[in-house]
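One structure is given here, and the rest of the page talks about it.
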Amino acid sequence: MRAPTAAASSARSAVRRTAVVVIALLAGVAVVTAPAGAAGRAPDPLNVSGASANGVVTGAPACPAGPLTDGRLLGGNATLAPGVFSSLDSLLSVSLPFRVGGTQAALSGPDAQVALANARGALTLALSAGDCASPGLSYGGTTVTGGGTWTVVPDSTPTNAYRGAGGSGSFTITADVAPGTGKSWSLNLTGNVNLLQPQVAVTHRAYWGGLGNYLSRTLSVEYRIRNTGSGDAFNVKLLDALPAGSGITRLGPVPQTVGSIRSGATASVVVRYRVCGIAVVGCRFTANTQTSLTDALDGNLHTEAVPVTVQVPVTPLP
């Protein structure tokens, strides 16, 4: 058998070197999926009070039999400051068909609803306080007072951050239900809401961003924060991406505000590092990412830790 020529050996060596460079380069820019954080969350407490002096009362159907011989429909809105329903300006809207008569009143049926809305979406509650046979509220001729219960009305609108919510609680109300405009009412809602919850996974892409950064060993790592949960994520922040071990220095910036991430969507932030020298072969490190987030009611604030293994690219190519 004829021995390989020097030219052939040299060609094969070049191919092997090229393959090593390509594999290492791909390792540096590849998106590596990291494990997501815990999924279990607690119900969000709801404690909302709203009032208005601009309610509108019109006629509504009365009970077909019994003491509640008249019907009054109360409609109106009340603005809610940030921190009452969520961290955003919100609106409480009421559409409440009371049945009244004598000294009693009732509130029931699918049309007895209030809505809590902000820029993220709306949470609708169905209110109930007795019925035609067993009134649950007091009526003084013009004013209804008392309390009852509420449940969340199911909603599956994809763009509504409160889609899929459930929950229940109680309410108290005082309302002028004499027909007319400029009617005063106040409503207090307490209870718990179960929201679809967000959850994050972190992937990454490592790159130099130019020959100067390659020579100075300043590596950029783009962290792609994906919301793998069924609920939307809000108040998202990358708190840190600290490298484990020695020889790697995090330059920052951290923390970084990301904002909101819809379910299934991804947002990116870039953190820079000073990494090992050019002569070091197979340089890699683990960055311990810390991402904080809340649900659509700004509750369940928590931090998810996701370790990400970063392979340092061998060449300065993009």
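The values are calculated or read from the model by the stated rules, or taken from the named source; none is laboratory data. This is a predicted model, so every value here is computed, not measured. Cβ atoms come from the backbone with ideal geometry, glycine included; neighbour counts cover every protein chain shown. Keep in mind that these areas ignore ligands, DNA and RNA; they rest on the heavy atoms of the full protein, side chains included. Shrake-Rupley method; radii C 1.70, N 1.55, O 1.52, S 1.80 Å.
Data for the structure
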read-out	value
In segment 148-161, the residues that are in a strand (DSSP E or B) and either closer than 21 Å to Gly180 by Cα or open to solvent by less than 30 Å² (accessible area, probe 1.4 Å) (or both)	Gly148, Trp150, Val152
Residues of segment 49-88 satisfying the condition of being of a type outside the set (Ser, Thr, Tyr), within 17 Å of Ala119 (Cα to Cα) and outside any loop (DSSP other than H, G, I, E, B)	Asn77, Ala78, Leu80
Count - residues of segment 241-260 that are under 23 Å from Asn227 (Cβ atoms) and either surrounded by 14 or more Cβ atoms within 10 Å (Cβ to Cβ) or among the hydrophobic types (A, V, I, L, M, F, W, C) (or both)	7
Counted residues, segment 230-253 - those being out of contact with any Asp or Glu (no Cβ under 7 Å at 6 or more places or on another chain) and in a loop (DSSP other than H, G, I, E, B)	8
Selected residue (criterion: farthest from Tyr162 (Cα to Cα)) from residues of segment 96-125 that are open to solvent by 50 Å² or more (accessible area, probe 1.4 Å) and among the polar types (S, T, N, Q)	Thr103
Criterion (within 30 Å of Arg120 (Cα to Cα), out of contact with any His (no Cβ under 6 Å at 6 or more places or on another chain) and among the aliphatic types (A, V, I, L, M)) met by exactly one of Ala267, Ala244, Ala206, Ala279	Ala267
Top-ranked residue in segment 162-201 [being open to solvent by less than 40 Å² (accessible area, probe 1.4 Å), not in a strand (DSSP E or B) and not β-branched (Val, Ile, Thr); ranked as nearest to Gly146 (Cα to Cα)]	Ala178
Count - residues of segment 108-128 that are free of Cβ contacts under 8 Å to residues at least 60 places away in the same chain and assigned to a strand (DSSP E or B)	9
Residue count for segment 145-166, restricted to those that are polar (S, T, N, Q) and closer than 26 Å to Trp185 by Cα	3
